[in-house]
1. List pairs: first in region 82-94 and closer than 14 Å to residue 25 by Cβ, second assigned to a loop (DSSP other than H, G, I, E, B), Cβ under 6 Å, 6+ apart or cross-chain?
2. I'm checking my understanding of the structure. Among residues of region 59-88 that are assigned to a loop (DSSP other than H, G, I, E, B) and under 17 Å from the mean Cα position of the chain (by Cα), which one is modelled with the highest pLDDT?
3. Would you check which residues across region 173-189 are surrounded by fewer than 15 Cβ atoms within 10 Å (Cβ to Cβ) and within 19 Å of the chain's Cα centre (by Cα) and list them?
4. Can you find even one residue in region 131-148 that is farther than 26 Å from residue 76 by Cβ and either surrounded by 19 or more Cβ atoms within 10 Å (Cβ to Cβ) or modelled with pLDDT of 95 or more (or both)?
5. Out of all the residues in region 49-58, is one or more touching a residue at least 40 places away in the same chain (Cβ under 8 Å) and not in a loop (DSSP other than H, G, I, E, B)?
6. Tell me, please, whether a residue that is surrounded by fewer than 18 Cβ atoms within 10 Å (Cβ to Cβ) and either in a helix (DSSP H, G or I) or modelled with pLDDT of 95 or more (or both) can be found in region 5-16.
7. Count, please, the residues in region 95-121 that happen to be crowded, with 17+ Cβ neighbours inside 10 Å and either outside any loop (DSSP other than H, G, I, E, B) or modelled with pLDDT of 95 or more (or both).
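The values are calculated or read from the model by the stated rules, or taken from the named source; none is laboratory data. Everything quoted here is computed from the prediction, not taken from an experiment. Counting neighbours? That spans all protein chains shown, and the Cβs are built from the backbone with ideal geometry, glycine included.
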């Protein structure tokens, strides 16, 4: 399945991969070196990290700094964009979570996480909605993949509200568990995103 027009090396996004996206309650912006402390604080929470594929535990400020450097590199290469979620009115502009669109040169996929103190208020649904709208408006993407470890009800609910369809099961490694875990695979096509029949 061809997901992007062109191949890696020749493909270029129609928009910079460092957007600033504003919603009613949020600002989504590229990560900065100064975000490392906040990113480390939230990802060092095992209740957040255990649902993520590539996050070790414990997760240090040094780990966060390396992660941010990688994100800035892939944005420059045009293969990913990683946006920090900042709540409007927060004078310190602290990142509370992340939405990432990665593997844009091969198999576009969205992933996201939110600091536990902010669960249950619809913030991540708002962030994912805005990020997907930007991606389909700005990038030559036909399909975006997603998914979650089996049991991650909250993540799968967010995906379902956006119109992602379950397409199967796979296994992915969990660094925390140090083993393969069952993973629910989902996808959202451009046509289904445009139709959005499930939205109120």
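1. Here the result reads 86/93; 88/25, each pair linking region 82-94 to a residue that is assigned to a loop (DSSP other than H, G, I, E, B).
2. Filtering region 59-88 for residues assigned to a loop (DSSP other than H, G, I, E, B) gives 59-60, 78-80, 88.
Filter once more, so that each one left must be under 17 Å from the mean Cα position of the chain (by Cα): 78-80.
Values: 78: 87, 79: 90, 80: 93.
Filtering region 59-88 for residues that are assigned to a loop (DSSP other than H, G, I, E, B) and under 17 Å from the mean Cα position of the chain (by Cα), the one modelled with the highest pLDDT comes out as 80.
3. The answer is 173, and nothing else.
4. From region 131-148, those farther than 26 Å from residue 76 by Cβ are 147-148; that's our starting set.
This time we only want the ones that are either surrounded by 19 or more Cβ atoms within 10 Å (Cβ to Cβ) or modelled with pLDDT of 95 or more (or both), so: 147-148.
Scanning region 131-148 turns up at least one residue that is farther than 26 Å from residue 76 by Cβ and either surrounded by 19 or more Cβ atoms within 10 Å (Cβ to Cβ) or modelled with pLDDT of 95 or more (or both).
5. Applying the first criterion (touching a residue at least 40 places away in the same chain (Cβ under 8 Å)) to region 49-58 yields 49-57.
Adding the requirement that they be not in a loop (DSSP other than H, G, I, E, B) leaves 49.
Yes, that holds for at least one residue.
6. No; the residues of region 5-16 include none that is surrounded by fewer than 18 Cβ atoms within 10 Å (Cβ to Cβ) and either in a helix (DSSP H, G or I) or modelled with pLDDT of 95 or more (or both).
7. Qualifying residue count, region 95-121: 16.
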